[in-house]
Amino acid sequence: ETWTKYMGQRGEHYYVEEQYRDQQGNMKTRSVRHTRWIPKWGAVKCAFDDILIAASNSLPSMFLDGLRNWKLDQLVPYDEKFLSGFKTETYSVDLKKGFDKAKNVMDGVIDDKVREDIGGDEQRVESKDITFSDLTFKHILLPIWLCAFRYGDKSYRFVINGQTGEIRGEHPTSWLKV
């Protein structure tokens, strides 16, 4: 859970008619947009549940960030048999670094909520003071298949979500076909 106090400004657009001369010297009228800024402050509450943070540094985030469609309601308690015969990796991101990454994910959601609360046509967020409460964490093991193939003289990597079959990664591109 987060509770965020903020200070900012709400921008409200208004239009003023202006007269000007075009290149031929004719008088014309145009509508020019201006913004009136009004101070705004308040607080918003956001609840977060199961923010997934990769505990590995061995793969670029572009591979893992795309694998978001996990069926977390189907998690089962860990059993060694799950890993029997497979190469695996233990976590390399400690809890503090993992929480910092989670804060970055939450910050985007909080910022959207603050902007929604400010309202108006535009918003300026000058400061946010975020308080976190009811923090919990759990280590979970999610099935990801790491694969690679060689095409020409280049190697390409991709990952497969072991629950859904979703694939993310690199692939060769034919510049002639593009």
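Miscellaneous remarks
- Considered as a group, the residues in the stretch 15-53 that are closer than 30 Å to THR136 by Cα and acidic (Asp, Glu) include one that is surrounded by the most Cβ atoms within 10 Å (Cβ to Cβ), and that residue is ASP50.
- Residue that is modelled with the highest pLDDT, among those in the stretch 28-65 that are over 22 Å from CYS147 (Cα atoms) and acidic (Asp, Glu): ASP49
- Positions within the stretch 85-111 being closer than 19 Å to ASP129 by Cβ and open to solvent by less than 100 Å² (accessible area, probe 1.4 Å), in sequence order: PHE99, ASP100, ALA102, LYS103, VAL105, MET106, ASP107, GLY108, VAL109, ILE110, ASP111
- Restricting the stretch 66-81 to residues that are at pLDDT below 85 and of a type outside the set (Lys, Arg) leaves a set whose member that is surrounded by the most Cβ atoms within 10 Å (Cβ to Cβ) is LEU67.
- Of residues in the stretch 150-164 being in a strand (DSSP E or B) and open to solvent by 70 Å² or more (accessible area, probe 1.4 Å), the one nearest to LEU59 (Cα to Cα): ARG157
- Taking first residues from the stretch 9-23 that are closer than 30 Å to VAL125 by Cα and in contact (Cβ under 8 Å) with a residue 40 or more places away in the chain and partners that are polar (S, T, N, Q) and not in a loop (DSSP other than H, G, I, E, B), the Cβ contacts under 8 Å between residues at least 6 apart in sequence or on separate chains come to GLN9/GLN123; ARG10/GLN123; GLY11/THR35; GLY11/GLN123; GLU12/THR35; HIS13/THR35.
The values are calculated or read from the model by the stated rules, or taken from the named source; none is laboratory data. Treat the numbers as computed from the prediction; the structure is a model and nothing was measured. Reconstructed Cβ throughout: ideal geometry from the backbone, glycine too, with neighbour counts over all protein chains shown. Protein only, heavy atoms only, side chains kept; ligands, DNA and RNA dropped before computing areas. Shrake-Rupley method; radii C 1.70, N 1.55, O 1.52, S 1.80 Å.
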